[in-house]
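The values are calculated or read from the model by the stated rules, or taken from the named source; none is laboratory data. Just so it is clear, the model here is predicted, and its values are computed rather than measured. All Cβ positions, even for glycine, are placed from backbone atoms using ideal geometry, and neighbour counts span all protein chains on display. Surface areas here come from the heavy atoms of the whole protein model, side chains and all, with no ligands, DNA or RNA. Shrake-Rupley method; radii C 1.70, N 1.55, O 1.52, S 1.80 Å.
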Amino acid sequence: MSESTYPADAFGSPTPVLSVSPVALSAPDRAVDLEVRVSAPMSGGDLPVILLSHGQGYSNHLSSLNGYAPLADFWAAHGFVVIQPTHLSSRTLSLDPDTPGAPLYWRSRAEDMTRILDQLDVIEAAVPQLLGRLDRSKIAVAGHSMGGHTVSLLLGARLTDPHDGTEANLAEPRIRAGVLLAAPGRGGDALTASAAENLSFFLTTDFSKMTTPALVVAGDKDDSAHLTVLGSDWHADPYHLSPGPKSLFTLYDAEHGLGGVAGYDVAETTDENPERVSAVQRLTWAYLRTELYPGDAAWQAARDALTAAPTPLGRVESK
């Protein structure tokens, strides 16, 4: 999907981006303080914010504030402030495997995002070029893989905490829209025996209260056989099992990397495809733009361009 596929004014020219890291946020109740990367256009005011949650994977630094440059760079160059935390599950931290919440720290991940929103003043003070430029009424969240699970919780999905049997409600009302990229689906008999045993928090995932508007992005070749017996359809569960308004962007021939969204030229991307990454960049940007600015035509224009392409890279459905 080349840039010429889109109307000339659909995205505008990218603007120079400033990126500052690490910005440390005090977190006395956390194993370590929370470090984030902040990427933002060098000009403009009233900027909307995207909180970006990393996945896991085999690389040491993709699962940290240093990953997901293809998304963070694009979104920041087109008018968003992107804030990326290093979650406790990051390989870069090398925490003791007995640390409470290990290995994936599902609860802490969502709490990281709320902590960021609580400390936007601290972030502005640490990045003086941002001072007074954030629109705190326009907050979105995005995440890939395990990061997609984090997003689902912030948007209202629930699960039963396997440690104490309580229902976890981590919904964040300040978030107005979300993007779930290759996110986990439902639990129960959809899981492999290994996932059910070792990642038991997945067992009770319930999307029925995930009411915040969201775009679910799923690859139709993303079988995630280590987690689910349902194949690629599993990653569409957050769309099918949650109430509207939701949209589903199914990428043809895409595997878990969705073409390479986690980093530039990383070895663990099994379906390297720059055009696919471009489609994800543009469709996600357009979706969030229209959700945060009702009446903006970006989302419809991006959908029309996707459909009009000689060989469409995917399809979009909405409810």
Restricted to the range 283-316 and to residues being of a type in the set (Asp, Glu) and in contact with a Lys or Arg (Cβ under 9 Å, 6 or more places away or on another chain), the residue surrounded by the most Cβ atoms within 10 Å (Cβ to Cβ) is Glu291
Among residues belonging to the range 119-143 that are open to solvent by less than 10 Å² (accessible area, probe 1.4 Å) and not in a helix (DSSP H, G or I), point out the one that is nearest to Leu154 (Cα to Cα). Val141
Somewhere in the range 191-199, is a residue without any contact (Cβ under 8 Å) to a residue 12 or more places away in the chain, farther than 18 Å from Met146 by Cα and open to solvent by 60 Å² or more (accessible area, probe 1.4 Å)? yes
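Residue-by-condition table, conditions (1) open to solvent by less than 10 Å² (accessible area, probe 1.4 Å); (2) of a type in the set (Gly, Ala, Ser); (3) not in a strand (DSSP E or B):
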site: Glu35; (1), (2), (3): no, no, no
site: Val38; (1), (2), (3): yes, no, no
site: Gly45; (1), (2), (3): no, yes, yes
site: Leu62; (1), (2), (3): no, no, yes
site: Gly67; (1), (2), (3): yes, yes, yes
site: Leu71; (1), (2), (3): yes, no, yes
Does Val266 fit the bill of being within 20 Å of Ala140 (Cβ to Cβ) and surrounded by 14 or more Cβ atoms within 10 Å (Cβ to Cβ)? no
May I ask you to verify whether Ser247 is open to solvent by 10 Å² or more (accessible area, probe 1.4 Å), in contact (Cβ under 8 Å) with a residue 60 or more places away in the chain, among the polar types (S, T, N, Q) and under 19 Å from Trp75 (Cβ atoms)? no
Of all residues in the range 208-223 being in contact with a helix residue (DSSP H, G or I) (Cβ under 8 Å, 6 or more places away or on another chain) and surrounded by fewer than 21 Cβ atoms within 10 Å (Cβ to Cβ), which is farthest from Arg276 (Cα to Cα)? Pro213
Tally of residues being modelled with pLDDT of 95 or more, farther than 21 Å from Thr228 by Cβ and of a type outside the set (S, T, N, Q) across the range 134-163: 11
Quickly run through the range 250-262 and pick out the residues that are surrounded by fewer than 21 Cβ atoms within 10 Å (Cβ to Cβ) and in contact with a Leu (Cβ under 8 Å, 6 or more places away or on another chain). Tyr252
If you scan the range 137-187, which residues turn out to be under 24 Å from Trp285 (Cβ atoms) and of a type in the set (D, E, K, R)? Lys138, Glu172, Arg174, Arg176
Count of the range 77-118 residues which are among the polar types (S, T, N, Q), farther than 23 Å from Arg289 by Cα, open to solvent by 30 Å² or more (accessible area, probe 1.4 Å) and not in a loop (DSSP other than H, G, I, E, B): 0
Residue check, Arg30 against (1) at pLDDT 95 or above; (2) open to solvent by less than 60 Å² (accessible area, probe 1.4 Å); (3) within 19 Å of the chain's Cα centre (by Cα), all met but one. Which one? (3)
Pairs where the first residue, in the range 56-70, is of a type in the set (Phe, Trp, Tyr) and the second is in a loop (DSSP other than H, G, I, E, B), C-beta under 7 Å, 6+ apart: Tyr58/Glu268; Tyr68/His54; Tyr68/Val261; Tyr68/Ala262; Tyr68/Gly263
Does Thr250 count as closer than 19 Å to Trp106 by Cα, modelled with pLDDT of 95 or more, out of contact with any Phe, Trp or Tyr (no Cβ under 7 Å at 6 or more places or on another chain) and polar (S, T, N, Q)? no
Failed item, numbered, when Thr269 is tested on (1) within 20 Å of Gly178 (Cβ to Cβ); (2) of a type in the set (S, T, N, Q); (3) at pLDDT below 95: (1)
